[in-house]
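Here is the structure we will look at, set down as structure tokens.
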Amino acid sequence: MTRHIFAGLLATAIFLWADAMQPSLAAGTSCANLAALTIPNITVNAATMVAAGGFTPPGPQIPGTNTSPLPAFCRVEATARPTSDSEIKFEVWIPPVEAWNGKFQGVGNGGYQGSISYAAMATALRRGYATASTDTGHSGDDVRFGQGHPEKVIDYGWRAIHIMTDTAKLIVRNAQGKFADYSYFVGCSAGGHQAMSEAQRFPDDYDGIVAGAPANNRIRQTFAFMHAWTATHNADGSPILTPGKLALVTKAAVAACDGNDALKDGLIEDPRKCSFDAATLACKPGADEASCLTPPQVEAVKKVHDGAKNSKGEQIFTGWPKGSENFGEAAIQGWRQYITDMKEPSRVGVFKYWLFNDPNWDVRTLDYDRDFAYANERLPFMHAVDQNLTPFKKAGGKLISYAGWMDPVVPPQDTAAYYEGVAKVMGGYGNTRDFYRLFTAPGMGHCSGGPGPNTFDMLTALENWVEKGIAPDKVMATHSTAGKVDRTRPLCPYPAVARYTGKGSIDEATSFACVTQEAPSATRRTSSGK
Ligand SMILES: [Ca+2]
């Protein structure tokens, strides 16, 4: 907090003359006048005071969040060009001084999606935050944007978020006459990757960071997408597994492993301990029925559970967790969206357009030794897997991560392996949990959803940690059906788990306590980091 006091005093002195005739946010520059800011490599395209209810965020809203009309804010639209090939669009939204909580929140993106995260900005603004989001330097989810534009790939990989952060802080300062007291970053999936990248690369950017389902091990995960698609599709590209067969596997996996954690609650507490084998679902020879798997189907499921390996049998990336195959109607609630429904592998464009410059590249020619080494050499900025978080810890930063144990997109085993890796480098769990905690959610899907408690407020937990020094020993999570809460349970900081006390309803959080267990030795350390 003290880091900005001196600069803040200066800013106050400079901006005391702020014109009283225009609608002013604070002791700073009026909204419209922010368009005249001259920041190197930044063009402020527009600065507009938006009246309450005057802006409806386009695109999908975040499920379960407030969708009431937005309060008034100053909308700044800008473009950053750190290189001649860059075109990074970003927006900064600043509440009027009386509505401002004095804080700044950067928000993350999903996928390779080149668009401003308006819904996440709206959520931040409603909490009183000044907030910023970027399109990461390109438009749309297609990775073709990087073909012949290596600087745009770097913008996407880490640069856009950092520049957005730096510039947004300055714009907020100019608007309010002082820097924000605290800065936070909140993201899930690709946003979780961005969160990890900020903690590793720019330890001073944020006081607190929420990294949900972080896709930070991106090079390895991209190989895993190739492997999973190849394993689940015939030579002609047709899918081996139907949604019905996937649902069958999930049902059997849960039935086999629900009781491993000594509580029959329909949830697998930790799929790494689940020894379910898809072969137990094998059809009678020659048969193919809805209630069983044919030999190619058994083989496909086993390969996705086992994950990608090189020719020596060394793990390149963990498999997808048992129980994640198909647990709901939506394609994102299982392997459909990123694996089985795909006409070609997810992110195959990384190989076609960023690595090999060959639009006709065939995924079945992928070499998990040579090409893996090549990718790491050519695109090292594409991941954020440094396990040494000493600079972030020294800067006073706090990091909360979370992962759903049923996540069918970013395997949670990798998030846990990264945490274990950091703990090893930082000198043990004790030296790690004082600045970085991972909360694992049994039965939760990708960033949200699933049969387990999957709705929680990590930002409040983080604010309490950063601003009041109250570390989160547990975070309350709820599960709802048709808008009605039907199960509550604490999420516990890894490697602790929520254990039923033996008394009371298993649907009530008060019947559970966080219990530290021995962390399973990670046999699949895919977050080696180097
Ligand atoms: Ca269970």
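Okay, residues lined up against (1) open to solvent by less than 50 Å² (accessible area, probe 1.4 Å); (2) touching a His at 6+ places or on another chain (Cβ under 9 Å); (3) part of a helix (DSSP H, G or I):
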{"site": "Glu463", "(1), (2), (3)": "yes, no, yes"}
{"site": "Val466", "(1), (2), (3)": "yes, no, yes"}
{"site": "Val485", "(1), (2), (3)": "no, yes, no"}
{"site": "Val497", "(1), (2), (3)": "yes, no, no"}
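What about Cys188, is it within 16 Å of the ligand (Cβ to nearest atom) and touching a residue at least 12 places away in the same chain (Cβ under 8 Å)? Answer is no for this residue. For the stretch 441-469, give me each residue that is free of Cβ contacts under 8 Å to residues at least 60 places away in the same chain and within 17 Å of the chain's Cα centre (by Cα). Within the stretch 441-469, Ala441, Met444, Asn454, Phe456, Asp457 meet the criteria.
Picking from Tyr402, Tyr429, Tyr374, which residue would you name as being within 15 Å of the chain's Cα centre (by Cα) and either open to solvent by 30 Å² or more (accessible area, probe 1.4 Å) or among the hydroxyl-bearing types (Ser, Thr, Tyr) (or both)?
Step by step, each of Tyr402, Tyr429, Tyr374 is checked, and only Tyr402 is within 15 Å of the chain's Cα centre (by Cα) and either open to solvent by 30 Å² or more (accessible area, probe 1.4 Å) or among the hydroxyl-bearing types (Ser, Thr, Tyr) (or both).
Going residue by residue through the stretch 315-328, is there one that turns out to be without any contact (Cβ under 8 Å) to a residue 24 or more places away in the chain and outside any helix (DSSP H, G or I)? Checked the stretch 315-328: no residue is without any contact (Cβ under 8 Å) to a residue 24 or more places away in the chain and outside any helix (DSSP H, G or I).
Of the helices (runs of 4 or more DSSP H) lying entirely inside the stretch 125-210, the ones with 1 or more residues being charged (D, E, K, R), more than 23 Å from Thr43 (Cα to Cα) and open to solvent by 10 Å² or more (accessible area, probe 1.4 Å) are found at 190-201. The residue pairs whose first member lies in the stretch 269-281 and is closer than 11 Å to Pro295 by Cα, whose second member is part of a loop (DSSP other than H, G, I, E, B) and more than 14 Å from the ligand (Cβ to nearest atom), and whose beta carbons are closer than 7 Å, counting only pairs six or more residues apart or on different chains, are Leu281/Cys292.
Pairs meeting the criteria (first residue in the stretch 285-314 and on the phi > 0 side of the Ramachandran plot, second residue basic (Lys, Arg), beta carbons under 9 Å, at least 6 apart or on different chains) are Gly307/Arg524.
Residues in the stretch 297-308: is at least one open to solvent by 50 Å² or more (accessible area, probe 1.4 Å) and among the small types (Gly, Ala, Ser)? No, there is no match, as no residue in the stretch 297-308 is open to solvent by 50 Å² or more (accessible area, probe 1.4 Å) and among the small types (Gly, Ala, Ser).
Here is a yes/no grid of residues against (1) under 29 Å from the mean Cα position of the chain (by Cα); (2) among the hydroxyl-bearing types (Ser, Thr, Tyr):
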{"position": "Gln221", "(1), (2)": "yes, no"}
{"position": "Thr250", "(1), (2)": "yes, yes"}
{"position": "Ala256", "(1), (2)": "no, no"}
{"position": "Lys264", "(1), (2)": "no, no"}
{"position": "Glu269", "(1), (2)": "yes, no"}
{"position": "Cys274", "(1), (2)": "yes, no"}
{"position": "Leu293", "(1), (2)": "no, no"}
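For the stretch 264-295, which residues satisfy the criterion of being under 21 Å from Pro408 (Cα atoms) and open to solvent by 70 Å² or more (accessible area, probe 1.4 Å)?
Hits for the stretch 264-295 are Arg272, Lys273, Ser275.
Can you pull out every residue in the stretch 412-460 that is of a type in the set (S, T, N, Q) and farther than 23 Å from Gly319 by Cα? Asn431, Thr432, Thr455, Thr460, listed by residue number.
The residue that is farthest from the ligand (Cβ to nearest atom), among those in the stretch 245-281 that are in a loop (DSSP other than H, G, I, E, B) and not hydrophobic (A, V, I, L, M, F, W, C), is Asp277. Thr440 satisfies every condition listed in (1) away from the ligand (no atom under 16 Å from the Cβ); (2) part of a strand (DSSP E or B); (3) among the hydroxyl-bearing types (Ser, Thr, Tyr) except (1).
Within the stretch 68-96, restricting attention to residues that are at pLDDT below 95 and touching a Ser or Thr at 6+ places or on another chain (Cβ under 9 Å), the residue that is most open to solvent (accessible area, probe 1.4 Å) is Pro69. Please determine whether any residue of the stretch 50-71 is farther than 20 Å from Ile163 by Cβ and assigned to a strand (DSSP E or B). Yes; the residues of the stretch 50-71 include at least one that is farther than 20 Å from Ile163 by Cβ and assigned to a strand (DSSP E or B). For the stretch 301-314, a residue qualifies if it is of a type outside the set (D, E, K, R) and part of a helix (DSSP H, G or I), and the qualifying residues are Val301, Val304, His305. Entry remark, the stretch 185-236: residues being within 19 Å of Thr165 (Cα to Cα) and of a type in the set (Lys, Arg) number 1 in total. Just to be sure I understand, how many residues within the stretch 329-353 are assigned to a helix (DSSP H, G or I), aromatic (Phe, Trp, Tyr) and open to solvent by less than 20 Å² (accessible area, probe 1.4 Å)? The total comes to 1. So which residues in the stretch 205-245 are closer than 19 Å to Ala290 by Cβ and touching a helix residue (DSSP H, G or I) at 6+ places or on another chain (Cβ under 7 Å)? Within the stretch 205-245, Thr232, Pro239, Ile240, Leu241, Pro243, Lys245 qualify. Only a single item in (1) at pLDDT 95 or above; (2) part of a loop (DSSP other than H, G, I, E, B); (3) not aliphatic (A, V, I, L, M) is not met by Ser521, and it is number (1). Listed by first and then second residue, the pairs linking a residue in the stretch 244-264 that is more than 24 Å from Gln337 (Cα to Cα) to a residue that is among the polar types (S, T, N, Q), with Cβ atoms under 9 Å apart and 6 or more places separating them unless they lie on different chains, are Ala256/Ser275; Ala256/Thr280; Cys257/Ser275; Asn260/Ser275.
The values are calculated or read from the model by the stated rules, or taken from the named source; none is laboratory data. A quick note: this is a predicted structure, and the numbers were derived from the prediction, not measured. Positions of Cβ are generated from backbone atoms using ideal geometry, with glycine treated the same way; all protein chains shown enter the neighbour counts. Just so you know, the surface numbers come from the protein's heavy atoms only, side chains and all, with ligands and any DNA or RNA stripped out. Shrake-Rupley method; radii C 1.70, N 1.55, O 1.52, S 1.80 Å.
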